[in-house]
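Note sheet for the following structure.
The values are calculated or read from the model by the stated rules, or taken from the named source; none is laboratory data. Predicted model only: the values in this text are computed from it and were never measured. In this analysis, Cβ positions are derived from the backbone assuming ideal geometry, glycine residues included, and neighbour counts consider all displayed protein chains. The area values use the complete protein model at the heavy-atom level, side chains included, leaving out ligands, DNA and RNA. Shrake-Rupley method; radii C 1.70, N 1.55, O 1.52, S 1.80 Å.
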Amino acid sequence: MNGCDAPTDPVARPGALLPLLSSDAEVVAFFAAVADLDATNPADHLLEDGIRLASGARLEQFARAGSGDAYCFVGAGGEERPVVYVSLDGESGPLALGLPELVRLCLVAPWWRDAPGRTAEELQVVAEQYREDVPDLDRRRDHAARTLGLVPAGLPSEATALARLVELSRGPVAEACRVIGYEGDPLDPLFGPAPDRPWPPSRPGQR
């Protein structure tokens, strides 16, 4: 045997994704500029004092948004750890169970922050606006996906990825990822339905 049965895709190799998110030029260009996830210069990614997990587990920032919001790993381990988003506006919530899941979310729905409380029609407008701002978005997404060892056609749908955010925002995952602030009070949930309608919205024909 020559080792050909060993995994070669970056997604299949533990610890392989984060280096690519911070070093491959076109991957960085997509995630930092389109998906607003900047994993370059990790030494600059430091949470403000007083922000911590209610459980007392480790909260490790590994990337940031342009606004200064933080992407953080929960607990000890590697890229398989849950990922929580901590907003400077005092909100937080789990995004994924592992970096590979976060990567897929950002590839198919880089506008995920604009999703809560919007109808399917409103989400379509958001998606169209992204494509107007980045005319070659699909090409850049597909290139980034392939570089990360993913087949573009095998990525989840936007609706599936957004529904996953709601699933993670409830139950034991949300509790394990609960972030508290300076005075020990929990931050507001990042995701939740608008008072008068469910989220994520159903598309025509869906139940």
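Summary of computed values
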item: Extended-chain gain in nm, criterion 0.36 nm per residue less alpha-carbon gap, Asp138 and Val126; result: 2.8 nm
item: Which of Tyr130, Tyr182, Tyr71 is most accessible, then next, and so on - probe 1.4 Å; result: Tyr182, Tyr130, Tyr71
item: The stretch 74-117, accessible area per residue, ligands and nucleic acids excluded (1.4 Å, Å²); result: 28 Å²
item: Among Ser67, Val83, Ala54 - extreme Cα towards positive end, dipole of the stretch 49-91, charges at beta-carbon; result: Ala54
